[in-house]
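The values are calculated or read from the model by the stated rules, or taken from the named source; none is laboratory data. Predicted model only: the values in this text are computed from it and were never measured. Every residue, glycine as well, gets a Cβ built from its backbone with ideal geometry; the counts of neighbours run over all protein chains shown.
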Amino acid sequence: MIKRALAGLSLAELQNVLQTLPAFRVRQVFHWLARGVSSFEAMTELPVSLRQDLANRFSLYSTIVSQRIEDSDGTVKLQLSLHDHTRIEAVLLSDGAGRKTACLSTQVGCPVACVFCKTGSLGFSRNLSYPEIVEQFLRLSSITDLANIVIMGMGEPLLNLEALCSALVVLTSDLGISRRRITISTSGIVKGIRELADKGPGARLACSLTTADPALRERLMPIARANPLPRLHDALAYYQQKQGQRLTLEAVLLGNLNTRETDAAALGAFVRGLDVVINLIPWNPIPGLCFEGKPLREPRVREVERFSTLLEQQGIPVTRRFRKGASIAGACGQLGVMVSETTA
Ligand code: SF4
């Protein structure tokens, strides 16, 4: 029989599961779990008999770290095997100042199928539960202190909204992480953006726009057909009005595809009425990914610089994401490479 895992549960649910224990003992167990403890035996505040009893009845984690690889730039990628033998990936990213960010997955695979994304090419298996989302954070925070969280790993978070919101409650209320340090990245699910605005978790929102040319966007991101740009613009404006935060629009730059002058002009028109920063992300190479029969390619440095200038000339704030973790397939859009290798 599979033992129930305790890591990732909310404090309220842990109290429910361990209802025979006094509240202070449950809080002690929760704090050990939050520290990423590696065994019940290591929970040294607890009496030995209780540690043994917990070990007999429960497991610490529902996942197994089936692979761990590190890049020389500080990126660490974990492949986690879930109880049903599916696999996901969680990534620890390091910026130039040494700040660490956890990139968490919300689904096994992804149903959105953006043509430039490895995860999208894997198809969709299932949604993650909220403890499976929180557990990724606990695994990564046991490696080092984390400054930020991005919900930007495998899957479309707003297609798993209930588990996402429960995970956000654990991360913020139970684990004390500021909502301002959490960014949710969506491919532009209009209904989900509006629901998230109404639920008011207060996390930062990023939207992967890629291009504001409607025809090209529909070819690159099939989800755009059901979530057209005018409705997406209105939903983002609604989020901004409700949550009062600057939004991030992400544009994965694909060589010779969405870096034309007309793309810059379309982006300029799209952002009117929104307070945004545009994050330019040069596409990270993923062997085998094609667009309409032709291999995708990275944009040239010159191409990225020119596109950035075209946006800045329209008064749009722009940031550039420098490549992190590309050599271990831990960079944006590359998650799932290890999963497909190990399931092949
Ligand atoms: S970019 Fe995000 S939404 Fe698109 S297929 Fe990849 S994981 Fe899914």
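Listing for the model above:
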item: Cβ pairs under 9 Å, 6+ apart, first in region 113-131 and among the basic types (K, R), second assigned to a strand (DSSP E or B) and near the ligand (Cβ under 9 Å from one of its atoms); result: R126/Q107; R126/G109
item: Matching option when the condition is buried (at least 22 other Cβ atoms within 10 Å of the Cβ), of a type in the set (G, A, S) and modelled with pLDDT of 95 or more, among A224, A206; result: A224
item: Failed item in (1) within 17 Å of L229 (Cα to Cα); (2) at pLDDT below 95; (3) among the β-branched types (V, I, T), with I281 passing the rest; result: (1)
item: Test: residue in region 170-177 that is crowded, with 22+ Cβ neighbours inside 10 Å and either touching a helix residue (DSSP H, G or I) at 6+ places or on another chain (Cβ under 7 Å) or among the charged types (D, E, K, R) (or both); result: yes
item: Selection count where residues are within 16 Å of the ligand (Cβ to nearest atom) and under 17 Å from V65 (Cβ atoms), scope region 142-156; result: 2
item: Output for region 93-102, where each listed residue is crowded, with 24+ Cβ neighbours inside 10 Å and modelled with pLDDT under 95; result: L93
item: Residue identified as in contact (Cβ under 8 Å) with a residue 24 or more places away in the chain, aliphatic (A, V, I, L, M) and assigned to a loop (DSSP other than H, G, I, E, B) among A224, A235, A197, A212; result: A212
item: Some residue of region 157-166 being near the ligand (Cβ under 9 Å from one of its atoms) and over 18 Å from G8 (Cα atoms); result: yes
item: Qualifying residue in region 85-95 (condition: within 13 Å of the chain's Cα centre (by Cα), part of a strand (DSSP E or B), more than 11 Å from the ligand (Cβ to nearest atom) and within 14 Å of L164 (Cα to Cα)); result: no
item: Matching residues in region 12-22 - criterion: being out of contact with any helix residue (DSSP H, G or I) (no Cβ under 7 Å at 6 or more places or on another chain) and either within 13 Å of L54 (Cα to Cα) or not in a loop (DSSP other than H, G, I, E, B) (or both); result: A12, E13, N16, V17, Q19, T20, L21
item: Unmet criterion (only one of (1) outside any helix (DSSP H, G or I); (2) more than 15 Å from the chain's Cα centre (by Cα)) for T183; result: (2)
